[in-house]
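I'd like to ask some things about the structure below.
The values are calculated or read from the model by the stated rules, or taken from the named source; none is laboratory data. These numbers were taken from a predicted model, which means no experiment stands behind them. Methodologically, a virtual Cβ is constructed for each residue, glycine included, from the backbone with ideal geometry; neighbour enumeration extends over all protein chains shown.
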Amino acid sequence: MSDPTRLRPLKEAARITQMLDVVLGADRFDRMPVDVIGLALEYSRQIAPDSPIHEVVERNIPGCVGALVYGEALPRQWAILYHVGQSDGRRSFTVAHEFAHYVLHRQLIEEDRRFDGGLYCDENAVVRRVGSGIEKEADEFAAALLMPFHDFRRQLPAKARADFETLSRLSKRYGVSLTAAILRWLEYTETRAIMVVSNEGFAHWAKPSTAALRSGRYIRTRETLFELPAQAFAAKRDYSDAALTGVTQQAGVWFPEPLHEMCFRSERYDQEITVLQFEADGPRFQPEEDETDVFDRFVRSGQAPDL
């Protein structure tokens, strides 16, 4: 029997999504992403006029990406904080994550003594989306609100292979980072794919699609140090157009089968994103490319990746 609380984040996000579709039109993403800051301010006034979110502001909160805090006076006045220096795309998901805490968890945050004055969220909870409990619920809400599946799947079907040009276009469509867009795609794609986030030749973290995981294709990064293959673009520090477009790596480089590898480097965050895609469906387990200015095409079309 399903747990009704497990579905609450998606139901609340769907409720707001349907409202936005009615007010702004089902084609709203053709014009602009969700204005999540304006939404958080206005929606909170509608559902809790005596205890709304009164500001969304940038603050220096070391060790955290974002926070939902409240004042001492009653009724509570709330604020969303996001850490300094975030790109527009990362800020959007951070604010959506904290807005989710307001919609779903503000009573818990106010009443539980563990949350002294608010809830502070780190990179694991927001950027990497590997939190549990209420952090996972906030991520689910934020992703569904900013990148609803009914639109995302139309842009990139579940059986289709992805490339950075498409993924970057989608990150711009939804006003999120490239990382967030790839994670959303990995949630529903029927292809076998893995995202690897790395620096200095080692993987910081990795995320497989369900199809990849079921075929035994994943990379362990918890409590272990995963060194990138010497032939990997990130290990070679090759961030050319060939890396953006990708190449086929032979069996034995990453896994015992060939795959398509593409890589993008973010100087802002000092890290690389590598996307691996396998050619075939693969086994199931129980629990030369054109190098013509790929990045320039992103920039000319307004699709420069935002990690």
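Looking at Ala100, Ala180, can you tell me which residue is outside any strand (DSSP E or B), within 12 Å of the chain's Cα centre (by Cα) and crowded, with 20+ Cβ neighbours inside 10 Å? Walk me through it before giving the result.
Details: Ala100 fails: within 12 Å of the chain's Cα centre (by Cα).
Only one candidate passes the filter, namely Ala180.
If you go through segment 116-133 one residue at a time, do you hit one that is assigned by TED's automatic domain parsing to the domain that holds Thr210 and over 24 Å from Ala212 (Cβ atoms)?
Step one: list which residues in segment 116-133 are assigned by TED's automatic domain parsing to the domain that holds Thr210, which gives none.
The answer is no; no qualifying residue exists.
Here's a check for you: in segment 183-204, which residue that is buried (at least 18 other Cβ atoms within 10 Å of the Cβ) and assigned to a loop (DSSP other than H, G, I, E, B) is nearest to the chain's Cα centre (by Cα)? Steps first, please.
Here is the first cut: in segment 183-204, the residues buried (at least 18 other Cβ atoms within 10 Å of the Cβ) are 183-186, 189, 191-198, 203.
With assigned to a loop (DSSP other than H, G, I, E, B) added as a condition, the list becomes 189, 191-192.
Values: Thr189: 15, Thr191: 18, Arg192: 18 Å.
In this case the residue turns out to be Thr189.
Restricting the search to segment 254-270, which residues are crowded, with 17+ Cβ neighbours inside 10 Å and not in a strand (DSSP E or B)?
Trp254, Phe255, Glu257, Tyr269
Out of all the residues in segment 262-269, is one or more closer than 27 Å to Val84 by Cβ and of a type in the set (Asp, Glu)? Please lay out each step first, then the result.
Start the filter on segment 262-269 by keeping residues that are closer than 27 Å to Val84 by Cβ, which leaves 264-269.
If we keep only those that are of a type in the set (Asp, Glu) as well, we get 267.
Yes, there is a match, as at least one residue in segment 262-269 is closer than 27 Å to Val84 by Cβ and of a type in the set (Asp, Glu).
Return a yes/no flag: does segment 111-121 have any residue that is at pLDDT 90 or above and assigned to a loop (DSSP other than H, G, I, E, B). Full working, then the answer.
Our first condition is that a residue be at pLDDT 90 or above; within segment 111-121, this holds for 118-121.
So of that shortlist, the ones also assigned to a loop (DSSP other than H, G, I, E, B) come out as none.
No; the residues of segment 111-121 include none that is at pLDDT 90 or above and assigned to a loop (DSSP other than H, G, I, E, B).
To keep it simple, each residue is scored yes or no on (1) surrounded by 22 or more Cβ atoms within 10 Å (Cβ to Cβ); (2) in contact with an Asp or Glu (Cβ under 6 Å, 6 or more places away or on another chain); (3) at pLDDT 95 or above; (4) assigned to a loop (DSSP other than H, G, I, E, B).
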residue: Ala212; (1), (2), (3), (4): yes, no, yes, no
residue: Glu223; (1), (2), (3), (4): no, no, no, yes
residue: Pro229; (1), (2), (3), (4): no, no, yes, yes
residue: Ala235; (1), (2), (3), (4): no, no, yes, no
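For Lys207, state whether it is touching a strand residue (DSSP E or B) at 6+ places or on another chain (Cβ under 9 Å) and either surrounded by fewer than 19 Cβ atoms within 10 Å (Cβ to Cβ) or assigned by TED's automatic domain parsing to the domain that holds Cys263 (or both).
Working: touching a strand residue (DSSP E or B) at 6+ places or on another chain (Cβ under 9 Å): yes; either surrounded by fewer than 19 Cβ atoms within 10 Å (Cβ to Cβ) or assigned by TED's automatic domain parsing to the domain that holds Cys263 (or both): yes.
Judged against the criteria, Lys207 is a match.
In addition: For segment 122-136, enumerate the residues that are in contact with a Lys or Arg (Cβ under 9 Å, 6 or more places away or on another chain), at pLDDT below 85 and surrounded by fewer than 21 Cβ atoms within 10 Å (Cβ to Cβ).
The answer is Arg128, Val130.
Please give the number of the condition Ile37 fails out of (1) aliphatic (A, V, I, L, M); (2) out of contact with any strand residue (DSSP E or B) (no Cβ under 8 Å at 6 or more places or on another chain); (3) farther than 23 Å from Val130 by Cβ.
Status for Ile37: all satisfied but (2).
Check Glu72, Glu42, Glu55 and return the single one that is assigned by TED's automatic domain parsing to the domain that holds Ala125, surrounded by fewer than 16 Cβ atoms within 10 Å (Cβ to Cβ) and assigned to a strand (DSSP E or B). Talk me through it step by step, then tell me what you get.
Details: Glu72 fails: assigned to a strand (DSSP E or B); Glu42 fails: assigned to a strand (DSSP E or B).
Only one candidate passes the filter, namely Glu55.
Also, I was wondering about something else. For segment 75-88, enumerate the residues that are assigned to a loop (DSSP other than H, G, I, E, B) and more than 17 Å from the chain's Cα centre (by Cα). Quick ask: steps written out before the conclusion?
Applying the first criterion (assigned to a loop (DSSP other than H, G, I, E, B)) to segment 75-88 yields 75-77, 84-87.
Result: Pro75, Arg76, Gln77, Val84, Gly85.
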